[in-house]
1. Filter the stretch 23-58 for residues that are closer than 20 Å to residue 239 by Cα and part of a helix (DSSP H, G or I) and give the result.
2. Sort out which residues of the stretch 63-106 are touching a strand residue (DSSP E or B) at 6+ places or on another chain (Cβ under 6 Å) and assigned to a helix (DSSP H, G or I), and write them in order of number.
3. Would you tally the residues in the stretch 244-279 being closer than 14 Å to residue 333 by Cβ and either of a type in the set (Phe, Trp, Tyr) or surrounded by 23 or more Cβ atoms within 10 Å (Cβ to Cβ) (or both)?
4. Look at residue 275 and say whether it is assigned by TED's automatic domain parsing to the domain that holds residue 332, modelled with pLDDT under 95 and either near the ligand (Cβ under 10 Å from one of its atoms) or not hydrophobic (A, V, I, L, M, F, W, C) (or both).
5. So which of 56, 49, 40, 99 ends up being in contact with an Asp or Glu (Cβ under 6 Å, 6 or more places away or on another chain), small (Gly, Ala, Ser) and within 16 Å of the ligand (Cβ to nearest atom)?
6. For residue 171, state whether it is open to solvent by 30 Å² or more (accessible area, probe 1.4 Å) and either in contact (Cβ under 8 Å) with a residue 60 or more places away in the chain or on the phi > 0 side of the Ramachandran plot (or both).
7. Could you look through the stretch 301-337, keep only residues that are of a type in the set (A, V, I, L, M) and surrounded by 13 or more Cβ atoms within 10 Å (Cβ to Cβ), and pick out the one that is nearest to the ligand (Cβ to nearest atom)?
Amino acid sequence: MEILKPVDLIGSKVKWIDTRFIPWEEIWRETEDYRRLAKAIKDLEIRGAPAIGVAAAFGLALAALHYPGKDLEGLMRALEEAKEVLSKTRPTAVNLFWALERVMKKAKEVAEKTGSAEEVREAVVQEAKKIQQEDIDMNIKMGRIGAKLIDHGDTVLTHCNTGSLATAGYGTALGVIRSAWEEGKEISVIATETRPVDQGARLTVWELKRDGIPVRLISDTMVGYVMSEGLVDKVFLGADRILLSGHFANKIGTYQIAVLAKHHGVPFYTVAPTSTVDPKTTLDQLVIEERHPDEVRCCPYPYEKIYVTVPDVDVLNPAFDVTPPELVTGIVTERGIAYPPYYVSLRRLLALDEG
Ligand code: MRU
């Protein structure tokens, strides 16, 4: 199976597929300007926790590659400025901040060791590319680990989009589904449409159809019904930030699926690389992004504004919700599956001191 890379650094440019136009059109964009890339993250041209982490790292690479001077101090300042701009794009997914920190740490190490702007530039580019490749490798590993949880004949419900389009390539929860399919298990998928932006209807369906994996689309309001009818064997979905307590933030609607899965005895798994586990943030510090009200008022159709309601209605538009650990059967990572109690198993996976 060929792996689609939704965002890539090619020479001195970053190239990405604008996911707002899928499934209508496959539009590839490119830039040499990290500010344009930051806008692409903010506007959901590039979205999904691991994908925005990779994009942010590439943003720093652009800042390094296009810094006009030869002095180290100026380059480091330019990198700090780019980090600031990129970190203001989306607040909930930890991968973005994790990737920015990781690249900056590398830049500082090389700056201290060599004092050379040229070496720092090269190190930033290499670190960003490493983050991209590692994400693909982790997805393939998670896919293999998670596929063991899927049986021949299973119907798996998934939410939002966790595939190639949400990562550096292959996918997290969709990677698990892909992997089970590649192993020859005859499975099928129920995808929720995932209002307001319809990542499920637009992106997940598009990806699964490309791979020939059987998929049926439901509206978000049908989850309770399909579970009560016994049509769902397991739930697999992604995460934007996992806390050590096992609480995790993911696309709005995840929490209600978790509650329904518990009620109906359906195993509920989240799949994410360890770069999505945030050992520093506590539940009360977690920031849930509030997005533009027109996402709820309108169809997610990028060509024209089509209101599905009275245009001036007040709206709530939290982009994510939080699922508590007691609703989660297991957390699949590239280092293995964490089971409750998560404050013990996640610490072990991250090799943190217990306590
Ligand atoms: O707002 P989005 O589309 O960036 O939200 C994406 C999700 O919530 C995904 O489920 C999550 O990032 C996991 S992607 C592998």
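1. Keep residues of the stretch 23-58 that are closer than 20 Å to residue 239 by Cα, which gives 41-57.
Correct list: 41, 42, 49, 50, 51, 52, 53, 54, 55, 56, 57.
2. If the condition is that a residue be touching a strand residue (DSSP E or B) at 6+ places or on another chain (Cβ under 6 Å) and assigned to a helix (DSSP H, G or I), then 94 is the only one that fits.
3. Residues of the stretch 244-279 that are closer than 14 Å to residue 333 by Cβ, as a first pass: 244, 246, 248, 269-279.
After this cut, where a residue has to be either of a type in the set (Phe, Trp, Tyr) or surrounded by 23 or more Cβ atoms within 10 Å (Cβ to Cβ) (or both) as well, the list is 246, 248, 269-273, 276-277.
Count: 9.
4. Working: assigned by TED's automatic domain parsing to the domain that holds residue 332: yes; modelled with pLDDT under 95: yes; either near the ligand (Cβ under 10 Å from one of its atoms) or not hydrophobic (A, V, I, L, M, F, W, C) (or both): yes.
Taking the combined requirement at face value, the residue satisfies it.
5. Working: 56 fails: in contact with an Asp or Glu (Cβ under 6 Å, 6 or more places away or on another chain); 40 fails: in contact with an Asp or Glu (Cβ under 6 Å, 6 or more places away or on another chain); 99 fails: in contact with an Asp or Glu (Cβ under 6 Å, 6 or more places away or on another chain).
49 is the lone residue from the list that is in contact with an Asp or Glu (Cβ under 6 Å, 6 or more places away or on another chain), small (Gly, Ala, Ser) and within 16 Å of the ligand (Cβ to nearest atom).
6. On the way: open to solvent by 30 Å² or more (accessible area, probe 1.4 Å): no; either in contact (Cβ under 8 Å) with a residue 60 or more places away in the chain or on the phi > 0 side of the Ramachandran plot (or both): yes.
Taking the combined requirement at face value, the residue does not satisfy it.
7. Restricting attention to the stretch 301-337, the residues satisfying the condition of being of a type in the set (A, V, I, L, M) are 306, 308, 310, 313, 315-316, 319, 322, 327-328, 331-332, 337.
Among the residues that remain, those that are also surrounded by 13 or more Cβ atoms within 10 Å (Cβ to Cβ) are: 315, 319, 322, 327-328, 331-332, 337.
Numbers: 315: 16, 319: 5, 322: 12, 327: 16, 328: 14, 331: 13, 332: 12, 337: 17 Å.
In this case the residue turns out to be 319.
Here is a yes/no grid of residues against (1) touching a strand residue (DSSP E or B) at 6+ places or on another chain (Cβ under 6 Å); (2) of a type outside the set (A, V, I, L, M); (3) assigned to a helix (DSSP H, G or I):
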residue	(1), (2), (3)
179	no, yes, yes
184	no, yes, no
196	no, yes, no
203	no, no, yes
206	no, yes, yes
221	no, yes, yes
235	yes, no, no
246	no, yes, no
261	yes, no, yes
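The values are calculated or read from the model by the stated rules, or taken from the named source; none is laboratory data. Small disclaimer: the values here were computed from a predicted structure and weren't measured. In this analysis, Cβ positions are derived from the backbone assuming ideal geometry, glycine residues included, and neighbour counts consider all displayed protein chains. To get the accessible areas, we keep the full protein, side chains included, count just its heavy atoms, and leave off ligands, DNA and RNA. Shrake-Rupley method; radii C 1.70, N 1.55, O 1.52, S 1.80 Å.
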